[in-house]
Protein chains: 2
Amino acid sequence: MNPGDRVRVERGDSVYEGVLMPSTTAEEVVVKLDGGYNVGIDREGSDVTVFESDVYEVGGAGGEEATSEVAFDEDLPTIALISTGGTIASTVDYRTGAVTAQFTAEDVLRAVPDLAGRANYRGRVVANILSENMTPDVWRELAEAVYEEIEAGADGVVVMHGTDTMQYTASALAFVLDTPVPIVFTGSQRSADRPSSDNVMNAVCSVEAAKADCAEVLVCMHATESDDRCALHRGTRVRKNHTSRRDAFETVGNEPLGHVDYGTEAVTFDREYAPRGGVELAIAPDLETEVELLKFTPGMDEALLDCCAGKAGLVIEGTGLGHVHTDLIPEIESMIDDGTVVVMTSGCLAGRVCDRVYDTGRDLIAAGVVEGEDMLPGTAKVKLMWALANAEAVEETMRTPIAGELTERSVPWT
Amino acid sequence: MNPGDRVRVERGDSVYEGVLMPSTTAEEVVVKLDGGYNVGIDREGSDVTVFESDVYEVGGAGGEEATSEVAFDEDLPTIALISTGGTIASTVDYRTGAVTAQFTAEDVLRAVPDLAGRANYRGRVVANILSENMTPDVWRELAEAVYEEIEAGADGVVVMHGTDTMQYTASALAFVLDTPVPIVFTGSQRSADRPSSDNVMNAVCSVEAAKADCAEVLVCMHATESDDRCALHRGTRVRKNHTSRRDAFETVGNEPLGHVDYGTEAVTFDREYAPRGGVELAIAPDLETEVELLKFTPGMDEALLDCCAGKAGLVIEGTGLGHVHTDLIPEIESMIDDGTVVVMTSGCLAGRVCDRVYDTGRDLIAAGVVEGEDMLPGTAKVKLMWALANAEAVEETMRTPIAGELTERSVPWT
C-alpha cells in the first residue's frame with residue numbers, strides 16, 4: 001500500500017475509510033477521512049485493506065518539479081500557494097491527494113475551481129500538520145520556502161495553515177522575512193464537507209489579497225459570520241478570539257488593516273501599510289528556541305519561574321499594566337542577573353504595559369524587566385526568539401517596532 | 001510615628017510625602033501619596049519626618065466597632081462596603097485615613113459625598129493590597145467577611161478591589177458563597193486625583209446595583225469611555241480586556257448581564273439572573289491551592305508540565321478547540337494517572353472547548369483530560385481550586401454550571 005491509496009483500516013471496534021497519507025512514524029497509519037480530517041491509527045492491531053489503488057493523482061515528491069497542464073497566462077500575476085496543513089489544506093489534499101512536496105495548478109483548480117482565472121499558481125507543501133504541532137523549526141522551513149518562491153518571481157504568497165497557531169507562524173514570518181510582496185495566511189474554521197465551510201471564500205479572498213499592494217504578512221479570514229467579506233489582519237496583531245466561529249480572528253486593539261469584498265473582489269485598506277516593492281527580499285531565519293511564555297494568575301507557584309531559569313528568554317503575561325505578585329520579583333531579578341531576558345506583557349491583551357505607575361511595576365523595572373509596550377504576549381514570545389538570535393541590542397529591539405507588532409508611545413512616559 | 005501620621009520620607013534622591021500606612025514587614029515604610037498610590041520604601045537608609053501627627057480620623061481597629069454619627073435611616077437598605085485595596089480603595093483611604101479594620105459611614109460619605117442618601121453603610125477593611133498580590137487566603141478572608149455582613153443583615157455588599165485580579169476574586173466568591181443578596185465588585189482604572197477618575201461613578205453605580213434584585217456576584221465598571229453608565233458583568237464571565245481604559249472590563253462571549261444608568265440611577269437587566277432571596281446564605285470556603293494554570297504556546301518546554309506533576313490540579317489554556325502539541329500528551333496522561341485533575345480551556349477565550357473533532361483532542365480525552373466547556377481559563381483555575389476542596393465528583397462538577405461560569409451544550413455532542 002502507498003500514500004494516495006484508498007484504504008479501510010479496522011482496529012478494534014473502529015473502522016476508518018479514506019486516503020492513505022504519508023506517516024512520519026512507523027507506529028501509525030494516517031488516513032485522511034472523507035470529511036477532510038486526518039486520523040492517526042496505531043499500526044499494531046490494525047487491519048488495513050487497500051480497496052482502490054492510487055485513485056488520486058499525486059504531485060511530484062521532494063525536489064522533483066510537478067508539471068502543470070494549465071496554460072501560463074502572462075497577463076496574470078503568479079501566486080505561490082504553500083500548504084502547511086490544517087483544515088483548509090485538507091480541502092486541497094483530500095480531493096487531490098496532493099500530499100507530497102509539490103502540487104500543480106490543476107490540483108489547486110480541481111480543489112477550488114473559483115480560483116481559476118485569478119492568477120498563475122505554483123503549489124508547494126512544506127508540512128502537513130495540525131497547527132498545534134507547529135514548531136519554530138517548521139516556521140524556519142516555511143520562511144525559507146516563502147523566500148524561495150518570492151525569489152523565483154512569485155508576485156504574492158498564500159500560506160494555508162491551521163487556525164490554532166496561525167498568529168504565531170504569521171508573526172514568525174513577519175520578523176524573519178523582509179518581503180516586497182504580500183504574504184497572506186489563510187485557514188478554515190469549518191471543513192470542506194460542511195455546508196458552512198469557509199474554505200472557498202477564504203482561499204479566493206487570500207489570492208486577491210496576495211495580488212494587492214500591501215507587502216506585509218497578513219491573515220485573511222472571514223470578517224463576519226456571513227460570506228460577505230474577509231478581513232486582512234496584520235500578522236503580528238491578530239488573535240484567534242473564538243474557538244469555532246468563522247469570524248474568530250480579530251485585530252487586537254484596532255480595526256483590521258483592510259478587507260476583501262467577496263462579491264466585488266475589491267481589496268481595500270483602511271490604515272497605513274507597507275506598499276509592494278518597498279523593501280528588498282531578505283531573510284534572517286535564526287530563532288532562539290530557549291524562550292518560554294508564562295501566564296501569571298493568582299496563586300501561581302514560583303516553581304514555574306524556577307523552571308525557566310537558565311533559559312535565554314521569558315515572556316510574562318502579567319496582570320493589568322504588567323504586574324505579578326510581589327513575592328515573585330526576587331526570583332525574576334535573579335533570573336535576569338543570570339542572563340535571561342524577561343519581557344513583560346499583559347493578560348488584558350489590549351492596551352500598553354506600563355510598569356512605572358505602581359510599586360510592583362517599578363520594582364519589576366528595577367529588577368531589569370523589559371516592558372513589552374503594547375505587544376500581544378504570543379507575538380512577544382516569537383519576537384524574543386527572533387531578537388535573541390539576530391539583534392545586538394535585544395532589549396532595545398524588543399521595544400522598537402519591527403513588523404507592526406507594537407506602536408510607539410505618542411508621548412514619552414516620564 | 002504611627003499609621004495616620006502625615007510624613008515625609010527621604011531616601012537617596014527621592015522624597016515622598018503622604019500618610020503613613022501600616023506595613024506588613026519591618027523592612028519598609030509604606031506611604032500613601034497624595035495621588036492615592038502607596039509606595040513601599042526601604043526603611044534602611046530612609047529618613048522619616050513626622051510633620052503632622054494623626055491628621056486623619058482612623059476607624060476602630062481589629063474587632064472594635066467603629067461608631068458612626070450618621071443617623072440610621074430605616075427607609076434605606078443597608079449596604080456593606082468592604083475594602084480590599086487597589087486604586088478605588090485609595091479614594092476612601094487617603095482622604096479618611098481609614099486604613100484599619102473598620103471605617104464609618106462618615107468616612108465613606110466624606111470620601112464620596114455622592115453616596116449620601118442612597119443607603120445606610122457599614123464599612124470594613126479586609127486587606128489593603130494591590131490586587132496582583134491577592135491570594136486564595138485573602139479570597140477566603142473576604143468571603144468570610146462578606147458572609148458575616150450578609151448574616152448581620154446587609155441588603156447588599158460592595159467590594160472595592162484592585163482591577164488587576166478582580167475577575168479571579170469575584171469568581172472565587174461566586175463559587176464559595178451561596179448569596180441571597182447582590183455582591184458587587186468595583187474598582188477604579190484612574191485614581192481620584194485625575195480629572196478622568198472613574199471612582200465616584202463606579203462607587204455610586206455599585207451601591208445602586210447592590211440594592212437591586214440580582215443576587216449574584218457582579219463586577220460593576222464603566223460600560224463605555226463616557227460617564228454614562230456602568231455595565232454589570234457576571235463575576236465568572238468577566239475579563240479585564242484593556243490595560244488602562246475605563247471600560248476595560250467585558251463579559252466574554254456575551255453581552256453584560258445588565259447596566260446601571262448614571263443619570264437616572266436605573267438598574268436594568270438584559271439577561272436571566274438569580275433573583276434576590278432565591279437561595280439561603282451559605283459558605284464553602286475551602287480551596288485547594290495546589291492548582292496551576294499553564295498557557296500553551298508553540299515551542300513550550302515540556303519541563304513546565306513536569307513542574308506541575310504532583311499538583312492536585314492543572315488548567316491548560318490550549319489552542320483553538322483545546323489543543324496542545326501532540327508530543328506533550330504522554331506527559332499529561334502520566335500526570336493524570338498519578339492523580340492530577342487536568343482541565344482543558346482555550347486561549348481563544350470565547351467559544352467552547354471541544355476535543356472530539358480532531359486527533360489531538362481525542363488523544364487528550366483518551367488521556368483523561370476534562371473538557372472545560374466554555375469556561376474562561378482563569379475562572380476554570382479558581383473553580384478547580386474550589387471543586388477539589390468541596391466536590392465529590394470533581395470532573396463532573398467542572399463540567400456543570402455552578403455560578404454562571406459555563407453554559408451547557410444546547411445539543412449533546414455525539
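May I ask you to verify whether B:A116 is surrounded by fewer than 22 Cβ atoms within 10 Å (Cβ to Cβ), of a type in the set (A, V, I, L, M, F, W, C) and under 16 Å from the mean Cα position of the chain (by Cα)? Taking the combined requirement at face value, the residue does not satisfy it.
For the stretch A:270-285, a residue qualifies if it is of a type outside the set (G, A, S) and either within 14 Å of another protein chain (Cβ to nearest Cβ) or surrounded by 17 or more Cβ atoms within 10 Å (Cβ to Cβ) (or both), and the qualifying residues are A:Y273, A:R276, A:I283, A:P285.
Within the stretch A:177-194, the set of residues being crowded, with 24+ Cβ neighbours inside 10 Å and within 14 Å of another protein chain (Cβ to nearest Cβ) comprises A:G187, A:S188, A:Q189.
Has the stretch B:195-206 got at least one residue that is assigned to a helix (DSSP H, G or I), on the phi < 0 side of the Ramachandran plot and either without any contact (Cβ under 8 Å) to a residue 12 or more places away in the chain or surrounded by fewer than 21 Cβ atoms within 10 Å (Cβ to Cβ) (or both)? Checking the stretch B:195-206: at least one residue is assigned to a helix (DSSP H, G or I), on the phi < 0 side of the Ramachandran plot and either without any contact (Cβ under 8 Å) to a residue 12 or more places away in the chain or surrounded by fewer than 21 Cβ atoms within 10 Å (Cβ to Cβ) (or both). Any residue at all in the stretch B:158-167 that's assigned to a helix (DSSP H, G or I), modelled with pLDDT of 95 or more and in contact with a strand residue (DSSP E or B) (Cβ under 9 Å, 6 or more places away or on another chain)? Yes, some residue in the stretch B:158-167 is assigned to a helix (DSSP H, G or I), modelled with pLDDT of 95 or more and in contact with a strand residue (DSSP E or B) (Cβ under 9 Å, 6 or more places away or on another chain).
Looking only at residues of the stretch B:319-366 that are closer than 20 Å to B:E408 by Cα and assigned to a strand (DSSP E or B), we find that the one that is farthest from the other protein chains (Cβ to nearest Cβ) is B:V342. Among the residues making up the stretch B:366-392, those that are in contact (Cβ under 8 Å) with a residue 40 or more places away in the chain and out of contact with any strand residue (DSSP E or B) (no Cβ under 9 Å at 6 or more places or on another chain) are B:W386, B:A389, B:N390.
What residue, among those in the stretch A:239-248 that are touching a residue at least 40 places away in the same chain (Cβ under 8 Å) and facing chain B (nearest Cβ under 10 Å), is nearest to B:C348 (Cα to Cα)? Let's see the steps before the verdict.
As a first pass, look at the stretch A:239-248 and keep what is touching a residue at least 40 places away in the same chain (Cβ under 8 Å): A:239-240, A:244-246, A:248.
The next check asks that each one be facing chain B (nearest Cβ under 10 Å); those that pass are A:239-240, A:244-245, A:248.
Values: A:R239: 8, A:K240: 6, A:S244: 9, A:R245: 11, A:A248: 8 Å.
The selected residue is A:K240.
Scanning the stretch A:297-318 for residues that are more than 10 Å from chain B (Cβ to nearest Cβ), over 19 Å from B:T165 (Cβ atoms) and either part of a helix (DSSP H, G or I) or in contact with a strand residue (DSSP E or B) (Cβ under 9 Å, 6 or more places away or on another chain) (or both) turns up A:A312, A:G313, A:L314.
Here are some conditions: (1) farther than 21 Å from B:T326 by Cβ; (2) at pLDDT 80 or above. A:M1 meets all but one. Which one does it not meet? Failing condition for A:M1: (2).
If you go through the stretch B:155-170 one residue at a time, do you hit one that is among the charged types (D, E, K, R), surrounded by fewer than 21 Cβ atoms within 10 Å (Cβ to Cβ) and away from chain A (no Cβ under 14 Å)? Yes, there is a match, as at least one residue in the stretch B:155-170 is among the charged types (D, E, K, R), surrounded by fewer than 21 Cβ atoms within 10 Å (Cβ to Cβ) and away from chain A (no Cβ under 14 Å). Whenever a residue of the stretch A:211-224 is within 11 Å of A:A248 (Cβ to Cβ) and in contact (Cβ under 8 Å) with a residue 24 or more places away in the chain, its partners that are of a type in the set (S, T, Y) and surrounded by 24 or more Cβ atoms within 10 Å (Cβ to Cβ), lying with C-beta atoms within less than 7 angstrom and at least six residues away or across chains, give the pairs A:M221/A:T186.
Tallying residues that are buried (at least 19 other Cβ atoms within 10 Å of the Cβ) and basic (K, R) within the stretch A:361-414 yields 2.
Do you know which of the residues in the stretch A:267-296 that are part of a loop (DSSP other than H, G, I, E, B) and small (G, A, S) is farthest from A:V343 (Cα to Cα)? Among them, the one singled out is A:G277.
The values are calculated or read from the model by the stated rules, or taken from the named source; none is laboratory data. None of these values were measured; they are calculated from a predicted model. Note that each Cβ is placed from the backbone with ideal geometry, even for glycine, and that neighbours are counted across all protein chains shown.
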